[in-house]
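Take a look at the structure below.
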Amino acid sequence: MFFSLKIALHSLAAHKLRTVLAMLGVFLGALALTGVQHVSEAMLKKTEIEMEKFGPNLLVALTGEVRFRRGSVRISGGQRTFRLSDAKALMQNLPFVQNGVPFSMAQLPIRSGSTKVPCNVVATWPDYTKVRNFKPQYGRFFNAEEEKDRAMVVVLGKKIAQRLFGTEQEALGKRVFIYRAGFKVIGVMESKGRDPSGDDLDEQVFMPLSTYMRRASNTYWIGGAFMQMAPGTGIQYAKDAAAALLRERHGIRPGKEDDFSVFTAKELAKMQKQALDLVSTLGLISSSVSFAVGGLGILSIMILLVRSRRIEIGVRRALGAKRRHIVNQFLLEAGLMSAVGGAAGVLLSVVLTGLVAVFASFPFVFNPLLVVGALAGSALIGVLAGAYPAWQAAQVGILDVLRSKE
């Protein structure tokens, strides 16, 4: 075996350009297979993490039409038909709702001294931290008494606090202004990043809903409600029940379009998973094509090697080598060529996956079964591609070599 390996390495080294070209297809196939699958798994894991940011078992009812694009939510309408009483009716009359909060959102400027930055104001109830699984890192969230009294208090997102005051701790107890209204900063939220709806949670400012509706905007409508469903609740059942209640309250006749939207966080995850499944499928197709091209390349190179090494084969047969020894020799060379190409592709894919994890803020994923499968598949393709040339080599006879012009 050691002798055969030595011959194989010597033969491949003697034809470097041919060897590299033959390995290229397998290299690209292994790279595409392991690279795309690892990145897809990393994106899926990131989606799961973002689902936790959105809130556990979350059902969302919004005013207007909602469109899903690339795993995010975009509100294309802004009908002023969703009232606080609608949110209360959903939370009180739907038996599967464990907890819920109404909310309103608006893009407003916030100022401290001469520093003014834009932000997304989220007006809601104190239980928002439980429903959305999002808590203050410094200070506290506003309480039920402050919601009842329409208190002029706010809780800043991490990035907003840093932009206005430099550090989160400096923001506590300070006053900020939204237009001319002054608010006391009572807390700074933990860092969360973007949720699946596309909102940067660190760029938000939170205030009591009553304060926003009566002192900041003087409105009677809200943006919608976040509701935490009981575990095991069917998604379609929850959506249908919420939609039926809202249609009844809004007086929408059969056949007419809704002036609201209802969706769940799991729907976002499902859409993102479908997109990732498509990417994975395309990766499998491209890697299969590359593997096929690599196999044909190895086949053609091995046929050329058999023709150029007829004298070597004849001499080995004259010295006592059997046909199976010749077959094993060429199968070893083909498998070695393919395995090296596959190993190089797998190694590069792991490096690229690490770079993507660092620069794109994705979790690093390493699937050993996928790596072993890619390596084994690469070697198998080499063996299959080298089977016919190995059979040809085994048919070379001593007399055929002596009679040839070579």
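The values are calculated or read from the model by the stated rules, or taken from the named source; none is laboratory data. Quantities reported herein were computed from a predicted structural model and do not represent experimental measurements. Note that each Cβ is placed from the backbone with ideal geometry, even for glycine, and that neighbours are counted across all protein chains shown.
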Identify the residue in segment 322-376 that is assigned to a loop (DSSP other than H, G, I, E, B) and under 25 Å from the mean Cα position of the chain (by Cα) and, among all such residues, is surrounded by the most Cβ atoms within 10 Å (Cβ to Cβ). VAL365
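Evaluate segment 314-336: report whether one residue or more is in the same structural domain as THR34 (by TED's automatic domain parsing) and touching a His at 6+ places or on another chain (Cβ under 6 Å). Steps first, please.
Step one: of segment 314-336, the residues in the same structural domain as THR34 (by TED's automatic domain parsing) are 314-336.
When the remaining residues are screened for being touching a His at 6+ places or on another chain (Cβ under 6 Å), the result is none.
No, segment 314-336 has no match at all.
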Subset tally (residues that are of a type in the set (S, T, N, Q) and under 19 Å from ALA144 (Cα atoms)) for segment 185-227: 2
Number of positions in segment 125-181 that are assigned to a helix (DSSP H, G or I) and either among the polar types (S, T, N, Q) or more than 37 Å from the chain's Cα centre (by Cα) (or both): 8
Every residue from segment 349-399 that is modelled with pLDDT under 80, of a type outside the set (A, V, I, L, M) and in contact with a helix residue (DSSP H, G or I) (Cβ under 9 Å, 6 or more places away or on another chain): SER361, PHE362, PRO363, GLN392, GLN395, GLY397
The strands (runs of 3 or more DSSP E) lying entirely within segment 1-104 that contain at least 2 residues which are modelled with pLDDT of 80 or more and surrounded by 16 or more Cβ atoms within 10 Å (Cβ to Cβ) are 58-63
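Out of everything in segment 256-278 that is under 24 Å from ASN93 (Cβ atoms) and modelled with pLDDT under 85, what residue ends up being surrounded by the most Cβ atoms within 10 Å (Cβ to Cβ)? So that I can check it myself, show each step before the final result.
If we filter segment 256-278 for residues that are under 24 Å from ASN93 (Cβ atoms), which is where we start, we get 256-267.
Right, trim to modelled with pLDDT under 85 and you get 263-267.
Numbers: PHE263: 19, THR264: 21, ALA265: 25, LYS266: 15, GLU267: 16.
Per the stated criteria, the residue is ALA265.
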Residue under question is VAL365, and the condition is that it be in contact (Cβ under 8 Å) with a residue 12 or more places away in the chain, under 25 Å from GLY25 (Cβ atoms) and of a type in the set (Val, Ile, Thr); does it hold? no
